[in-house]
Amino acid sequence: MKNILVVDDEPLIANGVANLVASFDFPLVVKGIYTDSEEALAFCQQNTIDIVITDINMPKVNGLALIKKLKAINPSIPTILVTKNEEEHLMEDAIGAKIDDYLIKPVNPKQ
C-alpha cells in the first residue's frame, strides 16, 4: 500500500481529490487530507508518506515551498502539483522544485 497525502486550502477540492484517489483500483490509501501546508509538513515529518498531491496556491506556505521542504526531507518522494490554468506561468518554478507531475483544476479523473 502506498500512503498518499492531499494538501489543498480548499476543503472541497482536497476531499474531492482524496475521494478520486480512493476510487481507483490501486494499492493506495489516503493517510491525510490537509488544508494547511504547515500542518501537512508536520504530519510528513512524523509519518511515512509515499506520494504528496498539493495545490500550488495556498496561504502561508505555498505548494512549491511545501514540495521543496518535503524533498529536503525525502528527495525521492513523488509529488504532484494541482494548479489552475491561469497559474501555468508558475510551472517553471515547479520544475525547479522537482515536481514529478501536475494536474490542472478542475481535475479530470482520466488524468
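The values are calculated or read from the model by the stated rules, or taken from the named source; none is laboratory data. None of the values given here were measured: they were computed from a predicted structure. As a convention, Cβ positions derive from the backbone with ideal geometry for all residues, glycine included, and neighbour counts pool all protein chains shown. The area values use the complete protein model at the heavy-atom level, side chains included, leaving out ligands, DNA and RNA. Shrake-Rupley method; radii C 1.70, N 1.55, O 1.52, S 1.80 Å.
Numerical summary
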| read-out | value |
| --- | --- |
| Every pair of residues 6+ apart whose Cβ atoms lie under 6 Å, when the first sits in region 38-56 and is within 9 Å of Leu66 (Cβ to Cβ) while the second is of a type in the set (S, T, N, Q) | Val52/Thr79 |
| Every residue from region 1-31 that is surrounded by 12 or more Cβ atoms within 10 Å (Cβ to Cβ), more than 17 Å from Met58 (Cα to Cα) and free of Cβ contacts under 8 Å to residues at least 60 places away in the same chain | Lys2, Asn3, Ile4, Ala18, Asn19, Val21, Ala22, Leu28, Val29, Val30, Lys31 |
| Residue match in region 76-87 (condition: more than 28 Å from Phe26 (Cα to Cα), open to solvent by less than 80 Å² (accessible area, probe 1.4 Å) and at pLDDT below 90) | yes |
| Matching residues, region 41-75, being surrounded by 19 or more Cβ atoms within 10 Å (Cβ to Cβ), more than 22 Å from Pro106 (Cα to Cα) and of a type outside the set (Val, Ile, Thr) | Leu41, Cys44, Leu70 |
